[in-house]
Structures are given as C-alpha cells and as structure tokens.
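First up is the structure itself, then whatever we jot down about it.
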Amino acid sequence: MATTETFDRLVLIEPGELAVALDGPHPPLVLDVRWALGDPDGRLHYRAEHIPGAVFADLDTELADRPAPGQGRHPLPEVGRLQEAARGWGLAEGQPVVVYDANGGQSAARAWWLLRWAGVADVRILDGALAGWTARGLPLATGDVRPEPGDVLLSAGPPLVLTADEAAALPGNGVLLDARAPQRYRGEVEPVDPRAGHIPGAVNAPASANLDADGRFLSPERLREHYAALGTTPGRPVGVYCGSGVTAAHDIAALAVAGIDAALYPGSWSAWSSDPERSVATGPEAAPNAEGADR
C-alpha cells in the first residue's frame with residue numbers, strides 16, 4: 001500500500017519543481033482551470049496572466065457536459081468529448097499534466113479528478129495555486145497559447161463515481177462528505193440550487209479546510225487527522241459531493257494526499273435537490289467549524 005508521502009507526490013507539485021520540469025526535455029502540459037461560481041471570465045483572467053505555456057481549460061464546456069435533468073449543473077463529460085478537449089490542449093499520450101487555478105486548487109481539482117478517471121497516469125495539482133507561483137518570483141505570460149493537437153487516448157477508468165442511490169446508502173456503512181460551505185450544508189442559504197440543505201447522513205467537510213493560510217494543502221498527517229475526525233477510518237468507504245461536482249474533487253485530492261481513497265457523486269447537490277423524491281436534511285449535523293467555497 002502506498003504511504004501518505006507517496007500519495008502526496010502523486011497529487012501535488014511545488015512551484016519550483018514545476019519550473020524545473022518546464023525547462024526539462026519532457027515538460028508537462030500545464031492547464032489553467034480558473035473558474036468560480038458567478039464569475040464567467042476565467043479565460044479573460046487567463047489571458048491577463050498565466051504560467052508560461054499554460055493552456056486554458058474551460059470548466060463549463062470542456063470539463064463538464066451541459067446541465068441535464070437528474071445530472072446536475074456539471075455532469076461528467078463523455079470520454080470521447082473529454083479526449084477531444086484534451087487533444088485540443090495539446091496533450092500527448094504519456095505526457096504528465098499539471099493543473100492550477102487562482103483558488104487553492106478548488107476548481108483545478110476537477111481537471112485532476114477527470115483526467116485520472118479517464119486514465120491519465122500522472123496528473124498533479126500546483127500546490128499554492130497561481131499565488132504560490134508568483135510568490136516564488138516565477139514568470140508570467142499573457143495572451144493565448146495555441147498548441148499543436150495532441151494524440152492522447154482516454155478511456156473511463158475504475159469506478160470512482162457514485163450514483164444518487166449509492167450516495168444515499170453510503171452513510172449506512174461508510175462516510176458521505178459534503179464539500180460545500182457550512183451555511184449551505186445547514187440549509188441556511190441556497191444561492192443556485194432548487195432546495196436548501198444536505199443529503200441525510202452526510203458530514204460537512206468544506207474544501208477550504210484542506211488548505212493552510214497560504215492556500216497550500218495541509219500536510220498528509222494533518223489531513224489524515226482532519227478526516228479521521230469526520231469519520232473516515234481504514235476500510236470504511238468514503239464518498240464526496242458538493243454543489244455540482246467541482247469542489248468535491250478538492251476533498252478527494254486532499255483525501256488522496258492523506259492516503260484515503262474516495263468516490264465522487266458527480267450530480268451532487270444540484271442533481272439531488274432537483275429530485276422531489278429525494279429527502280433533504282437541514283441543520284448542523286456533524287458540521288465542522290470552517291468556511292469555504294462551493295461549486
């Protein structure tokens with residue numbers, strides 16, 4: 001079994017390490033995945049400044065399918081569509097990938113999870129995000145990068161996903177984590193989805209709690225302690241959801257750093273809350289004291 005340090009190396013990359021790799025003979029593909037709920041201008045932010053050579057990946061159109069009844073606001077894309085997008089980014093077969101954003105990896109983690117699910121062996125999140133890169137005094141570029149098409153072959157990987165029924169049943173024999181902000185989990189506010197609250201039995205685990213004050217992931221030891229306090233124990237299945245399957249991937253990345261496997265409920269709250277047959281819970285059930293973004 002992999003150690004926590006091994007999981008850490010598989011999930012994250014430091015800015016200095018990325019800078020060295022970009023100057024090496026086999027540089028990784030770098031994806032800029034800037035996106036935020038209510039901010040449609042990720043590509044404009046990318047054009048204003050980005051890591052040299054980085055290609056913009058559009059979360060709404062390339063890392064998700066169109067919203068559909070019962071599937072939520074960011075359904076998983078068909079593998080063929082994801083492969084077409086990845087080739088458009090210039091991804092070559094066997095090439096490593098590094099993903100980043102300007103929000104501690106909370107949107108870049110979606111690309112990390114999707115590419116792993118689709119069979120890309122080496123995908124890592126830039127620890128500290130774009131701020132970590134600039135804090136090191138590393139260079140930035142402007143404009144668009146238009147790469148030559150790649151030849152990567154993608155295929156759906158192991159069963160890392162949960163259906164709504166599986167998510168509903170998971171609290172009975174495992175842990176279902178809700179990566180949204182506590183006020184949304186408790187049902188005090190709901191800015192985008194049909195109903196407020198959370199899946200009955202789910203435990204609140206805001207994605208922002210995975211990061212330190214500098215926007216870097218906590219150490220494997222601290223993450224393991226954090227998630228143990230939420231009920232994750234060896235051999236117990238773990239699933240994660242959020243608003244629409246974006247920041248849930250950040251929890252899954254943090255769990256991987258800690259050496260814990262977890263599955264994603266892709267439809268997340270946007271799908272669950274739109275189904276009138278699904279029960280909704282409200283209140284502070286097992287909610288830790290942490291604020292966070294949610295997608």
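The values are calculated or read from the model by the stated rules, or taken from the named source; none is laboratory data. The model shown is predicted, which means the values in this text are computed figures rather than measured ones. When we count neighbours, we look across all protein chains shown, and the Cβ atoms used for this are built from the backbone with ideal geometry, even at glycine. Accessible surface areas use protein heavy atoms only, side chains included; no ligands, DNA or RNA. Shrake-Rupley method; radii C 1.70, N 1.55, O 1.52, S 1.80 Å.
Applying the selection to the stretch 113-127, what residues are in a loop (DSSP other than H, G, I, E, B) and closer than 16 Å to A21 by Cα? First the steps, then the outcome.
First pass over the stretch 113-127, keeping only residues in a loop (DSSP other than H, G, I, E, B): 118-122, 127.
D122, D127 - these are the residues of the stretch 113-127 that are in a loop (DSSP other than H, G, I, E, B) and closer than 16 Å to A21 by Cα.
Could you tell me whether the stretch 51-60 includes any residue that is open to solvent by less than 70 Å² (accessible area, probe 1.4 Å), farther than 21 Å from R116 by Cβ and without any contact (Cβ under 8 Å) to a residue 60 or more places away in the chain?
Checked against the condition, which is being open to solvent by less than 70 Å² (accessible area, probe 1.4 Å), farther than 21 Å from R116 by Cβ and without any contact (Cβ under 8 Å) to a residue 60 or more places away in the chain, the stretch 51-60 yields no hits at all.
Can you run down the residue pairs with Cβ atoms below 6 Å, 6 or more apart or on separate chains, where the first is in the stretch 156-171 and farther than 12 Å from I199 by Cα and the partner is among the aromatic types (F, W, Y)?
Sorted first by the residue in the stretch 156-171, then by its partner, the pairs are G157/W117; L160/W117; L162/Y265.
Taking the stretch 66-95 on its own, how many of its residues are open to solvent by 80 Å² or more (accessible area, probe 1.4 Å) and closer than 23 Å to T247 by Cα?
6
Within the stretch 131-188, can you find the residues that are aromatic (F, W, Y) and within 30 Å of L91 (Cβ to Cβ)? Give the derivation first.
From the stretch 131-188, those aromatic (F, W, Y) are 133, 185; that's our starting set.
Residue satisfying the conditions is W133 alone.
Scan the helices (runs of 4 or more DSSP H) fully inside the stretch 1-112 and keep the ones with 3 or more residues being at pLDDT 95 or above and farther than 20 Å from P139 by Cβ.
Values: elements: 4-11, 15-22, 42-48, 79-88.
Where helices (runs of 4 or more DSSP H) fall fully within the stretch 1-112 and carry at least 3 residues being at pLDDT 95 or above and farther than 20 Å from P139 by Cβ, they are 79-88.
Restricting attention to the stretch 101-116, which residues are within 27 Å of E78 (Cβ to Cβ) and open to solvent by less than 30 Å² (accessible area, probe 1.4 Å)?
Keep residues of the stretch 101-116 that are within 27 Å of E78 (Cβ to Cβ), which gives 101, 103, 105-116.
The answer is D101, G105, Q106, S107, A108, A109, R110, A111, W112, W113, L114, L115.
Quick one: is G137 surrounded by 16 or more Cβ atoms within 10 Å (Cβ to Cβ) and at positive phi?
no
Of the residues that make up the stretch 134-149, is at least one within 21 Å of the chain's Cα centre (by Cα) and in contact (Cβ under 8 Å) with a residue 24 or more places away in the chain?
Narrowing the stretch 134-149 to residues within 21 Å of the chain's Cα centre (by Cα): none.
Checked against the condition, which is being within 21 Å of the chain's Cα centre (by Cα) and in contact (Cβ under 8 Å) with a residue 24 or more places away in the chain, the stretch 134-149 yields no hits at all.
Out of the residues in the stretch 190-216 meeting the condition of being aliphatic (A, V, I, L, M) and over 24 Å from P69 (Cβ atoms), tell me which one is most open to solvent (accessible area, probe 1.4 Å). Can you show your working first?
Quick first cut of the stretch 190-216, residues aliphatic (A, V, I, L, M) only: 192, 196, 199, 202-203, 205, 207, 209, 211, 213.
Going one step further and asking which of them are over 24 Å from P69 (Cβ atoms), we end up with 203, 205, 207, 209, 211, 213.
Values: V203: 21, A205: 0, A207: 0, A209: 23, L211: 32, A213: 111 Å².
Looking at residues that are aliphatic (A, V, I, L, M) and over 24 Å from P69 (Cβ atoms), I get A213.
Considering only the stretch 147-185, state which residues are open to solvent by 70 Å² or more (accessible area, probe 1.4 Å), closer than 22 Å to R110 by Cα and charged (D, E, K, R).
Passing the criteria: D151, E166.
Being charged (D, E, K, R) and farther than 22 Å from I260 by Cα is the requirement here; does R116 meet it?
No.
Could you tell me whether the stretch 118-125 includes any residue that is open to solvent by 50 Å² or more (accessible area, probe 1.4 Å), at pLDDT below 95 and either under 16 Å from I252 (Cα atoms) or in contact with a strand residue (DSSP E or B) (Cβ under 6 Å, 6 or more places away or on another chain) (or both)? Show your work before the answer.
Our first condition is that a residue be open to solvent by 50 Å² or more (accessible area, probe 1.4 Å); within the stretch 118-125, this holds for 119, 121-122.
Now restrict to residues that are at pLDDT below 95: 119, 121.
Pick out the ones that are also either under 16 Å from I252 (Cα atoms) or in contact with a strand residue (DSSP E or B) (Cβ under 6 Å, 6 or more places away or on another chain) (or both) and you get none.
No, every residue in the stretch 118-125 fails to be open to solvent by 50 Å² or more (accessible area, probe 1.4 Å), at pLDDT below 95 and either under 16 Å from I252 (Cα atoms) or in contact with a strand residue (DSSP E or B) (Cβ under 6 Å, 6 or more places away or on another chain) (or both).
Exactly one condition in (1) farther than 30 Å from W272 by Cβ; (2) not in a loop (DSSP other than H, G, I, E, B) is not met by V145; state its number.
Among (1) farther than 30 Å from W272 by Cβ; (2) not in a loop (DSSP other than H, G, I, E, B), the lone unmet condition for V145 is (2).
Looking only at the stretch 13-27, filter to residues that are out of contact with any helix residue (DSSP H, G or I) (no Cβ under 9 Å at 6 or more places or on another chain) and in contact (Cβ under 8 Å) with a residue 24 or more places away in the chain; which one of those is surrounded by the fewest Cβ atoms within 10 Å (Cβ to Cβ)? Quick ask: steps written out before the conclusion?
Initial filter on the stretch 13-27 (out of contact with any helix residue (DSSP H, G or I) (no Cβ under 9 Å at 6 or more places or on another chain)): 16-17, 20-26.
In the following step, the residues that additionally are in contact (Cβ under 8 Å) with a residue 24 or more places away in the chain were identified as 16, 21-22, 26.
Values: G16: 12, A21: 17, L22: 16, H26: 9.
Only one residue tops the list, namely H26.
What is the number of the single condition among (1) within 16 Å of the chain's Cα centre (by Cα); (2) under 30 Å from G283 (Cα atoms) that D165 does not meet?
Every listed condition holds for D165 apart from (1).
Which condition does V238 not pass, out of (1) farther than 19 Å from W112 by Cα; (2) β-branched (V, I, T); (3) touching a Gly at 6+ places or on another chain (Cβ under 9 Å), if it passes all the others?
So the condition that V238 fails would be (1).
Would you mind telling me which numbered condition in (1) surrounded by fewer than 18 Cβ atoms within 10 Å (Cβ to Cβ); (2) in contact (Cβ under 8 Å) with a residue 12 or more places away in the chain; (3) over 27 Å from R278 (Cα atoms) G231 fails?
Of everything listed in (1) surrounded by fewer than 18 Cβ atoms within 10 Å (Cβ to Cβ); (2) in contact (Cβ under 8 Å) with a residue 12 or more places away in the chain; (3) over 27 Å from R278 (Cα atoms), G231 misses just condition (3).
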